[in-house]
Structures are given as C-alpha cells and as structure tokens.
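The values are calculated or read from the model by the stated rules, or taken from the named source; none is laboratory data. Keep in mind the model is a prediction, meaning the values are calculated, not measured. Cβ atoms come from the backbone with ideal geometry, glycine included; neighbour counts cover every protein chain shown.
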DNA sequence: TCATAAACGAGACGGTACGTCGAGTCTTCGG
DNA sequence: CCGAAGACTCGACGTACCGTCTCGTTTATGA
C-alpha cells in the first residue's frame, strides 16, 4: 500500500526498514497533510514538514526521495485509514471496497459518483489531491505511480460493476466498459480541475444519465 | 491575446509598453518553451530563461509576475502562430477557428477530436501543456486564467457545433450540449494525464461513438 | 593587503569586484570578529556571521572560500585600521611601520617586544589570532598565506633593525640576524600558545637580555 | 598517562573500565592516527574513526569526550610505545627519558635538538601533532592538558640539563635556565609552524650556537 | 538632430530552501 | 550484558534561485 520501498529502488545505502520509527512516520504524514491543506503545496517545504513533525530533515530524506513522495504516501495512508474506518477492509488490504451491486445499475453508479463529488469538494482532500495531480502531470515516474496506485484501481471498480451489468443485460453487449468508465469519471475530474463551474450531485447525475443512455441495450 | 497587461493590474510603476523590446519578448518565449521541453518545468528557472534568452532577469520580472505567466504567454503565442500558419486567422485575432460544420456531425467531431489527440501527442506541446495544467491545478488564480483563455473557448466550439446539430435534429432535443462537450473532451485529457494507455485516433473514435449513441434522438 | 582576490584563484565565475558592497564587507568583518571573540572560533559559523551582519550567506561565499579566509581578511583589516589610526601609514599601504631606530638597539627592541606582549594579551586580538594560527597549522595553503602576510613581514622588521645594528657594530659581525629575530619572537609566541605561564613585559625583557648577550660583539 | 578518566569527570553513568575492550581501544587509536595522517584533522570524523576501527560510535563516546581527546590519547599512546621500544621506560611510566649528560653540554643539546627536528619532520607525527596543537590553541582546557602532558615535561628535561650545566660552571651562574630552554625549543616549533623555511639539523645547530653564546659564563 | 529618459544586459544583494554531512543520543539485537 | 550497528534529532554546510536593487549601455522618441 505504501511507496516507501527503498529496498532496491534508491542508490546508496539502504536503511534498515525494520528499525524504522513508526512514531516519526505518522508525525510526518500528519504534518505533511496539515501543511498542504493550510498553506498549499508550493509553500510546503520539507524543512517545514520536519519542523512541524518534530523530526530531523534527514529522517524524511532517509525514507522518501522528495516532497511529492511523502505526500503520496501520506495520502495513501489517509485513504487506507478511511477505508479501514468503514470496516470494509477486505482482501489483500488494497483497501477500496468496490461499487455496490444492488441490481440497480443507475442507483449504484449514482451513489459512487456522488461520493466522488463529495470527496473532491472536501477541502481536506482537495489540497493534497491537487498537489499530487500536479506533480504527476509533470514528472512521469511519479505520475505512473499515482496512476497505478490511485487512479487505475478506482477505474477498475467501475469496469467490474459495468461488466456485471453487461452480463445481466442491463447494458448493450457491445459496449466498451472501459470507455464507459472513463466517460463517467473524466468529466467530474475535469470540472474539479477547471474550477469554473460547480461540481455538484446534479452534475454527476446528469453525466450518468447521458452515459447510461448511450450504453442501454437497443430494443 | 496575451496576458502581459501590467497597465493597471500590478502595483508599482507601470512600464511603458510602447518602448518594449519585441526582440526580448520573442527571445524569452523561445527560451522558456525550449527549456520546458528540454529539462521539464520544475527545473526551468527564471534565471535560466533569462540567461538563455540573453536577457536581464529584470526584463522578465518587468513584464510577467511569475514563471508560469511567462509560459502561459509563450504558449498562447505559440498557439496563435500555429493558427496564423493555418491561414485561418479570423475575427478579432482570438485565433481558434471553431469546428467545421459539414452537416455530418460525427465526421466533424471525429476530425477535431483526432486533431486534439495529435496535438496532445506532439512533444512540442506536451511539456508546456503539462506545466501549465500543473500550475493551474495548484494555484487558483492562474488556473482561472487558463480555464478562461484556453479551456473554455475550446469547449465553446463543441457547444456551438452541438447546438447546431440539435437544431438540425441530429441529436435529441433534450440533450445537454454542455455536458456532451465535456463527455467528449474530458476522457481524452484524462488518458493524456494518466499516461498509462495510448491516446490514439481509435480511442477518440470510440469515445465519440459512445457519446453520440447517448445523444441520438429517440425514434 | 587583503586576501579576496578571486580573480584567478577560485574556480567558477568570478564576481565583479567593482560592484561589491563595501557596506556588506564591513558588516561581515565586524560580525566575524565579534562572534569569534564572544563565542570562540569553533562555535562561529558562516551562517551566524551572515545573520549577525544582516547579509545573505551567498554574499560571504561569493567573496571568500571559507570561514577562516573571512577571519584572516577581517584580521588584516583590523590591523590595517590600527596602523592607520597610529598615523603611520607609510609606503605602499602595507601598513606596518617597522621598528624604530633610535640608535639604542636594546631600547628599540624592548619597545616592540613589549608592544607585542600587549597585543597578544589583548582579548580583542587573542581570539582571532588563535583561530587563525590553528587554521594555519592544519591547512597548509592557509598557513602559507598567513605566514606570508602576517608572520614574515613582522620578522622582516626585526631583521632590518638587526642588520642596521650590525652595521653600527652593536652586534657581532658574524651573527645570523634571521636566527636572532626568531630567537626574539618565538619564545613569546610559545608562552602565549602554552598559556601556562604569564606573558609579561618582564618576560620579554628577560628574553631580550639573553638574546642580546649572545649577539654582542666579542671584545 | 591517558586521558580517559570519565570516573568523575563526565556526567551520567560511568562505564565499567574493567570490562573495557583493549581490542577496541587499540583499533580506535590506529584508526584515528591513520585517518588524521591520510586525510587531515578537519576531514577526520568520529564516524569515520568508528567505521575504520570496526567499532560502534557509542564505544568512542563512552570513553572520550571529543575527537581531539581521542587523538591526544592516541598520540600519547604512540609516544609511550616509541619510548618503550627504546627500552628506556623508566619511573612512573611517564616515559620520556630525559637528556643525556655526557658532560659536553653542546653535544648533548645538539643531540636532542636534532632528534626533535627529525620528529617534527616525520610525516607520521606531523599530522597528529598539528591537529593537537591547533585544538590546543583554540580550546583552553584541551590546551592546558596538552601543555601539562606533552610540552612541560619536554621543557623540564632541558631545564634539568641546563641546571646541571650551571652547577658544572658550563654556563653563567645568573642565566635563567627556563628562558634558555624556551629559547632553544621555541624557534624550532615556530619554523615547523610557519612551514616557509626548512627545519634542518643545521638550523637546530645554529640556534644552539646562538643560545649557548648568550649563556656562556663571562670570563 | 540630437537630448534624454526608458528599457535594457548584467549581476550583486538579502533571503529561503535545498539536499548532505556529521555530532552526539538512544534503541535493538547478537555473541 | 557489552558492544556493533545504525536510526534518531539537531544544526551547519555550501548551492541554487528567488525577487529586488543598482549599475552603466543602448535605443527610440519628442523638443
């Protein structure tokens, strides 16, 4: 779930992960998220995180290669905690619970899309999310990690639910579920990114309606 | 077309735009774009741009408030040049030509979507575009400017073409053309951003197909 | 007189000395000397000097290669000022005034040796002098500079005065004036260095007596 | 002979000296001397010594308060070994053997002064000696220890030999033997320190000649 | 047509943060 | 149960850029 695997990834001496201070790790995550929320990503410095966490700078550089990596880990940790709190921690600990399948495709998707909207609007997530997205846009390696750890798992849930729907005959047999998933999520992300129009439940519902219309089986 | 309007916007003494050196302006744009392409946005510095352009640092700070603003202007300038080269410089110089209306909605949209794909895949645009998007994600003011100057005009073209189609009866009268426009462009942007799947003409066509199916008038 | 000649000595870009801020230079000297006196050399940091002088660290590193070099310059400056204050600024500005020649060798030497004792006992000079001597002991290049700029000129004065005395027949014609000069100064320096016995005028006089006895012309 | 007496000197828990590893002690001395000789005092670090000695850092800090103290001990140990090798280890283990008294004062002094010159020129001793002297110059406590343990015993030998000579009538009865001792040793130390002129047997002989001339009894 | 005021190149300045190094302390584990 | 190993906090290092501020040097009107 985490990214701090310097085992073989980074050059130089490899620190002994078994001796790592969990106390410091937590403090660093808390400090990083707090600072990004309070002052924005650009003004958040490694030095600041260390000071706020009551930790030596070296303890950060020992375990992460960059500010962005710290934040990604902190964010993943946050997400993991959230899932755990939901009592839905299933399977291999990968966390996310998937999309419910009540038999009513529209209702199920509406539920998760609205949840996504709420999350994107939550200031607690907004700052860090923007920071990560920005970093991922600009640095390919980091972006690859984000896509793999955050984005694709998310899309996979949609794909699975849509596949189930296709088997149930709820959507056209020739529909491309991957594309359908992207049609559902991308517009929300774009509104969030552009910031010029409100990102609301109503908007999510409208997107859903249009997409489902295109997926419905022909008579 | 450009953003350098310190006339009333910035505090302090206003430089006399009429005496501005066009030579320096061009050199700064070229240097900025080159450096972003070559070394990435993060490693591009104002000092570096100035050195490469053979220009004093102050000449940059005199006309732009930040590295991002320079790049945005450089990018807009690049786009303007591209449009001019196409011989389509119409109207007030806003440049973009809009979406052709041949009567065949699918064909028209396919054309522009494919062009968008090509542009996103062009390394000349990729670096600066990512840099700008990243900056916009993280700094609201800058993002607002980007949305207003780059994104919304783009979406507006889709909206206009789709409205025309609706009047022609090519799509359902109750379709929300704004949402339709977002459904068309957002998935492409997302693929470009995620970087884990190829962004191809075929993909654009598939997205188009799915969206149009949802828009088609009911019999 | 000063050491800051990066013209050809240091690698990288050479700063333009003509644009140098005299204000900063003075502030750095003052801060450096004050800190060394107050807290000792080891606890004096470049960062501390910069802060105390109200100067950016880079402004120090731009002009000096190390803490020790700053201090050497500060010290030379101090000495130059002292000489200037004495109204004895003669010749090429090298400052030092030489040893008086009243015709009475013993009296002349006693005068300067006692002055040296006073200087070594002056807390204002003690700290910086020890710091410089320590640095010179350990780093050959720096030591060479010190010897050349501080020590040898000093010895040269004694040598000149002794040569005059030899010509006057005040000391044996076969006496080695260089060695005599070293015999006069080295014991004082050693007492100062060892710190376990007081360095007094009486001591200087006693050394002088013994040395002169060895130099006196045989009857 | 050694300095490691944390018994009452240092705060905190006193380690049990009886269980101390002689193996580690030796390894630390060897490593310290080797590193100082090879890379200089400033670049020698406690971490480096520990690594080279195959010893934990704590094992050094348990027994010595500072890098300089380690080196002083190592140096004293080296000197003790040298004396032992000469088979002259007499008395309380203080080591040094004193100056021979063959009846020929000049010859005896020449012998030890030349030996001193050789020692100062020996690269094995040069590095550590400079390091210790530098530290002693700058930190009074350490300097006091050095003076007491290294310098004064040395001078005492000269004083004793000169007193014997005075009793034998070889030098003037009113000569100050302490000052004479300093006149003999200080110039050598100074040449070694200044490094700009060769420190040779001839130089030692010349110093000796001048000093003895001053000491000789008046006819 | 030239005087003069501006924009310009250059780059030193006071700062902030970087990423690294070592000091000295504290904890864990193996012989 | 000592000692190697090494992670920890702390603080300074020397570097890179930031954005501001002079410096002469063009340059391009407008008197």
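If only residues of region B:206-219 that are facing another protein chain (nearest Cβ under 8 Å) and touching a residue at least 60 places away in the same chain (Cβ under 8 Å) are counted, the one that is farthest from residue B:162 (Cα to Cα) is B:207.
Taking the criterion of being under 22 Å from residue A:137 (Cβ atoms) and either in contact with a strand residue (DSSP E or B) (Cβ under 9 Å, 6 or more places away or on another chain) or more than 9 Å from DNA strand F (Cβ to nearest atom) (or both), the only residue of region B:48-65 that qualifies is B:64. Residue B:117 falls short on exactly one of the conditions (1) in a helix (DSSP H, G or I); (2) within 12 Å of chain A (Cβ to nearest Cβ), and that condition is (2).
Regarding residue D:149, is this residue more than 28 Å from residue C:42 (Cα to Cα) and either within 11 Å of chain C (Cβ to nearest Cβ) or assigned to a helix (DSSP H, G or I) (or both)? No. Just one of (1) surrounded by fewer than 19 Cβ atoms within 10 Å (Cβ to Cβ); (2) more than 7 Å from chain D (Cβ to nearest Cβ) fails for residue C:161. It is (1). Taking first residues from region C:59-87 that are within 14 Å of chain D (Cβ to nearest Cβ) and in a loop (DSSP other than H, G, I, E, B) and partners that are within 14 Å of DNA strand E (Cβ to nearest atom) and modelled with pLDDT of 95 or more, the Cβ contacts under 9 Å between residues at least 6 apart in sequence or on separate chains come to C:66/C:46.
Any idea which residue in region D:31-47 is surrounded by the most Cβ atoms within 10 Å (Cβ to Cβ), counting only those that are within 13 Å of DNA strand F (Cβ to nearest atom) and part of a helix (DSSP H, G or I)? Checking each candidate, the answer is D:31.
Residue by residue through region B:120-146, note down the ones that are in a helix (DSSP H, G or I) and over 26 Å from residue B:197 (Cβ atoms).
Within region B:120-146, B:140, B:141, B:142, B:144, B:145 qualify.
When residue B:203 is tested against (1) facing another protein chain (nearest Cβ under 9 Å); (2) surrounded by fewer than 16 Cβ atoms within 10 Å (Cβ to Cβ); (3) at pLDDT 95 or above, only condition (2) is not met. Within region A:37-53, restricting attention to residues that are more than 9 Å from DNA strand E (Cβ to nearest atom) and either assigned by TED's automatic domain parsing to the domain that holds residue A:131 or touching a helix residue (DSSP H, G or I) at 6+ places or on another chain (Cβ under 6 Å) (or both), which residue is nearest to residue A:121 (Cα to Cα)? Here the answer is A:37. Listed conditions (1) part of a helix (DSSP H, G or I); (2) within 8 Å of another protein chain (Cβ to nearest Cβ) are all met by residue B:196, apart from (1).
Are any of the residues in region C:166-178 outside any helix (DSSP H, G or I), out of contact with any helix residue (DSSP H, G or I) (no Cβ under 8 Å at 6 or more places or on another chain) and closer than 30 Å to residue D:201 by Cβ? Checked region C:166-178: at least one residue is outside any helix (DSSP H, G or I), out of contact with any helix residue (DSSP H, G or I) (no Cβ under 8 Å at 6 or more places or on another chain) and closer than 30 Å to residue D:201 by Cβ. Going by what's in this entry, would residue D:174 be described as closer than 22 Å to residue D:215 by Cα, out of contact with any strand residue (DSSP E or B) (no Cβ under 6 Å at 6 or more places or on another chain), crowded, with 17+ Cβ neighbours inside 10 Å and not assigned by TED's automatic domain parsing to the domain that holds residue D:41? So residue D:174 fails the test. Here residue B:186 does not qualify as more than 8 Å from chain A (Cβ to nearest Cβ) and out of contact with any strand residue (DSSP E or B) (no Cβ under 9 Å at 6 or more places or on another chain).
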